[in-house]
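Undergrad: Before I ask anything, here is the structure I am working with.
Derivation of every value follows stated rules applied to the coordinates shown; laboratory data play no part. Computed from a predicted model, the values in this text were never measured in an experiment. Cβ atoms come from the backbone with ideal geometry, glycine included; neighbour counts cover every protein chain shown.
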Amino acid sequence: MKCPFCGCEDSRVIDSRSVEEGASIRRRRECPRCGRRFTTYEKYEQIPLLVIKRDGRREMFDSKKILAGLLRAFEKRPFTYEQI
Ligand SMILES: [Zn+2]
């Protein structure tokens, strides 16, 4: 991986450990040119969630739409935002 400080194309892994209960790997790297250290994370690629609409169309899942629907449903009811 490219050094973020000097742009050197190479870096050496000096430590590698599993984080987030094994869902991610954190690596400490050192640049062979400027000697500075930096950290990288290796994670699963996010697989986009698709929503199949009633008419068969597919669109990207958007949690903001769920929240907007909930707020609309609770609009005239005596609940606070935190309770919802
Ligand atoms: Zn460097």
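Undergrad: Residue 77 versus residue 30, label points 7 Å from Cα toward the beta carbon: distance in nm?
TA: According to this spin-label approximation, the distance is 5.9 nm.
Undergrad: Between residue 57 and residue 84, how high is the FRET efficiency from 1/(1 + (r/R0)^6) when r is the Cβ-Cβ distance and R₀ = 30 Å? Nearest 0.05. List each step's numbers first, then the result.
TA: Numbers: r = 28 Å, r/R0 = 0.92.
Efficiency, from the Cβ-Cβ distance: 0.60.
Undergrad: While we're here: Let me know the number of lysine pairs in the chain closer than 29 Å at the Cα, not counting same-chain pairs under 8 apart. Provide the component values of the computation, followed by the final result.
TA: Values: 2/43; 43/64; 43/65; 53/64; 53/65; 53/76; 64/76; 65/76.
Counting lysine pairs in the chain gives 8.
Undergrad: Could you compute the net charge surrounding residue 26? Neighbours are other residues with a C-beta less than 12 Å from the C-beta of residue 26; K and R count +1, D and E count -1. Please report the intermediate quantities before stating the final value.
TA: Working: positive: 17, 27, 28, 29, 43; negative: 15, 20, 42.
My count for the surroundings of residue 26 gives +2.
Undergrad: What Kirkwood radius, in Å to one decimal, follows from the Cα pairs of the chain?
TA: Numbers: mean 1/r = 0.0577 Å⁻¹.
When all Cα pairs of the chain are included, the Kirkwood radius is 17.3 Å.
Undergrad: So how strong a dipole does the chain carry about its Cα centre when Lys and Arg Cβ are +1 and Asp and Glu Cβ are -1, to the nearest 20 debye?
TA: Numbers: 20 positive and 13 negative charges, 32 e Å.
With Lys and Arg at +1 and Asp and Glu at -1, about 160 debye.
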